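Chemist: One structure coming up, written as C-alpha cells, with questions to follow.
The values are calculated or read from the model by the stated rules, or taken from the named source; none is laboratory data. Values in this document were obtained by computation on a predicted structure and should not be read as measured data. Every residue, glycine as well, gets a Cβ built from its backbone with ideal geometry; the counts of neighbours run over all protein chains shown.
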Amino acid sequence: MAETPPIEAGRSQKASRSLTGDTSGVRVVASSVTLRQRFQDLMRYRELLGALVRSEIKVKYKNSALGIAWTMVAPAVQLAIFGVVFGIFLSNGIPDYLIYIASGLLVWTFFSTSLIGGTGVIVGRAGIVKKVSFPREILSIATVGSQAFYLMLQWSVLALFMLLMRHAPDWTALPLVVVGFATTLLYAVALAVLLSAVNVYFRDTQHLIEIFVQIWFWMTPIVYTYQHNIHDRAVGKWFSFVNWLYLCNPMTPVILSFERAIYGRVTVTNTLTHQPFDVLPRWPLLTFYELLVATFLVGLLLLAFAVRVFSRLEGNFAEEL
C-alpha cells in the first residue's frame, strides 16, 4: 500500500498510551463486543477511512497516462457495446436506449465492483492486517467508498450525454436517485464486510462471487425491461413466482427507481412497430419509495448481521493470513 501514515500514526499513539499505562485507546478484538460498540469503534476511525479512500483512488491509477479518467473509459465502452448489441443488432425498440441502459448499468457497476473488490481486500492487505490494530472492516468500506467516488464521475458523463441527446430526466422523481443510491451503498458495504471475513477462511469466496455477480446481473432488469419482459408475461403460478422473485432481488427496486428517475419515461413508442408499450411499471412514485424503504430496512438487518459475523471471525485473521 502506498500510503499508511494514518495507520502508523494510530499505532504510535497506541504504543504511547501503553507505555504510560493508559488503556483507553486499546482496541479489544472479541466476539462479545456489542454492535453499538462496534459502530462506535468505526466512527473513531473515520479519519483513517477517509485516508484509505483517498489512497485507493491515488494508487489505482498511479503513473497511468489518463489517470482517473480511466474510471470513465471502461463504463463508456461497456455502454457502447450494450447500446450497439441491444439497440441496433438486437433492437428492442426502446427509444434513447443508451440513456435507458446507462441509468441502471452505472449503479450496477458500482455495486458489483464494490462487492468483488471488497471481498478480497482483507486477504489482499494481509501485511497491514497482521501488523496494525484497527477495525479491519474499514478496508472493505474504503473499497466501497472509492467506487462511490468513481460513480459520481460517471454520472457527470451521463449528464453530459443526456444534455447532448436532449433527454431530460423526470425532475419530480429525482429524489429516488438519492434513496436508491443510499440503499445500494448500504448493501454494498454489508455484503463487502461479510464476504471479506468469509474469504479469509474460504479463499474460493472471491472467485465464486465473481461468477455469482454475473448471474445476478442477468437476473436484474438492466439490459431488458422489467415491465415488458417480466411483469406483463407473469401469467400462471410459475410466472407469478418469477415476478415475485424479481421483486425480492434487492437490486430490482433500486434499478427500477434509477430508470424511473433518469430515463424518466414509463410509456414509449416502439421504434420498430411504432406501437406504444410500457418500459417501466405504471406505479405511483410512492410505490417506488415504499419498495426502496422496505429494501433499505432489510439492508440494515443485513449490515448488523455482517458486522456481527465479522467481529466473530476477526480474532483469527492473523493466524489464517
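Chemist: Give all pairs with beta carbons closer than 7 Å in which a residue from the stretch 299-321 that is over 25 Å from Phe111 (Cα atoms) meets a residue that is basic (Lys, Arg); count only pairs at least 6 apart in sequence or on separate chains.
Modeler: That search, which allows pairs on different chains as well, returns Phe317/Arg136; Ala318/Lys130; Leu321/Lys130.
Chemist: Further question: Select from the stretch 204-246 the residues that are within 30 Å of Gly127 (Cα to Cα) and either surrounded by fewer than 12 Cβ atoms within 10 Å (Cβ to Cβ) or at pLDDT below 90 (or both) and list them in ascending order.
Modeler: Asp204, Ile211
Chemist: Within the bounds of the stretch 69-81, is there any residue that is within 16 Å of the chain's Cα centre (by Cα), over 24 Å from Gly180 (Cβ atoms), in contact (Cβ under 8 Å) with a residue 12 or more places away in the chain and part of a helix (DSSP H, G or I)? Steps first, answer last, please.
Modeler: Here is the first cut: in the stretch 69-81, the ones within 16 Å of the chain's Cα centre (by Cα) are 71, 75.
Those left that are additionally over 24 Å from Gly180 (Cβ atoms): none.
No, every residue in the stretch 69-81 fails to be within 16 Å of the chain's Cα centre (by Cα), over 24 Å from Gly180 (Cβ atoms), in contact (Cβ under 8 Å) with a residue 12 or more places away in the chain and part of a helix (DSSP H, G or I).
Chemist: Is it the case that some residue within the stretch 267-285 is part of a loop (DSSP other than H, G, I, E, B), in contact with a Pro (Cβ under 8 Å, 6 or more places away or on another chain) and under 26 Å from Ile99 (Cα atoms)? Step through it out loud before you land on a result.
Modeler: First pass over the stretch 267-285, keeping only residues part of a loop (DSSP other than H, G, I, E, B): 270-275, 279-284.
Among the residues that remain, those that are also in contact with a Pro (Cβ under 8 Å, 6 or more places away or on another chain) are: 270-271.
Narrowing further to those that are under 26 Å from Ile99 (Cα atoms): 270-271.
Yes: the stretch 267-285 contains one or more residues that are part of a loop (DSSP other than H, G, I, E, B), in contact with a Pro (Cβ under 8 Å, 6 or more places away or on another chain) and under 26 Å from Ile99 (Cα atoms).
Chemist: Sticking with this structure for a sec: Starting from residues that are of a type in the set (S, T, N, Q) and either without any contact (Cβ under 8 Å) to a residue 24 or more places away in the chain or surrounded by fewer than 22 Cβ atoms within 10 Å (Cβ to Cβ) (or both), keep the ones in the stretch 113-145 and report whichever is farthest from Arg166 (Cα to Cα). Give the derivation first.
Modeler: First pass over the stretch 113-145, keeping only residues of a type in the set (S, T, N, Q): 113-114, 119, 133, 140, 143.
Filter again for either without any contact (Cβ under 8 Å) to a residue 24 or more places away in the chain or surrounded by fewer than 22 Cβ atoms within 10 Å (Cβ to Cβ) (or both), leaving 113, 133.
Values: Thr113: 30, Ser133: 52 Å.
Of everything passing the filter in the stretch 113-145, Ser133 is farthest from Arg166 (Cα to Cα).
Chemist: Turning to a different aspect of this structure: Among the residues of the stretch 87-96, how many are in contact with a Phe, Trp or Tyr (Cβ under 7 Å, 6 or more places away or on another chain) and in contact (Cβ under 8 Å) with a residue 24 or more places away in the chain?
Modeler: The first filter runs over the stretch 87-96 and keeps only residues in contact with a Phe, Trp or Tyr (Cβ under 7 Å, 6 or more places away or on another chain), leaving 87, 92, 94.
Next, from what is left, pick out any that are in contact (Cβ under 8 Å) with a residue 24 or more places away in the chain: 92, 94.
Residues in the stretch 87-96 being in contact with a Phe, Trp or Tyr (Cβ under 7 Å, 6 or more places away or on another chain) and in contact (Cβ under 8 Å) with a residue 24 or more places away in the chain: 2 in total.
Chemist: Give the stretch 247-268 a look and list any residue that's surrounded by fewer than 16 Cβ atoms within 10 Å (Cβ to Cβ) and of a type in the set (Val, Ile, Thr), or say none.
Modeler: Within the stretch 247-268, Val266, Thr267 meet the criteria.
Chemist: A further question on this structure: Within the group Val293, Val309, Val254, which residue is in contact with a helix residue (DSSP H, G or I) (Cβ under 9 Å, 6 or more places away or on another chain), modelled with pLDDT of 90 or more and more than 23 Å from Phe181 (Cα to Cα)? Even if it seems obvious, please write down each step before you answer.
Modeler: On the way: Val293 fails: more than 23 Å from Phe181 (Cα to Cα); Val254 fails: more than 23 Å from Phe181 (Cα to Cα).
After ruling out the rest, the residue left standing is Val309.
Chemist: Answer yes or no as to whether Phe217 is under 30 Å from Val307 (Cβ atoms), part of a helix (DSSP H, G or I) and not aliphatic (A, V, I, L, M). Show your work before the answer.
Modeler: Details: under 30 Å from Val307 (Cβ atoms): yes; part of a helix (DSSP H, G or I): yes; not aliphatic (A, V, I, L, M): yes.
The answer is yes for Phe217.
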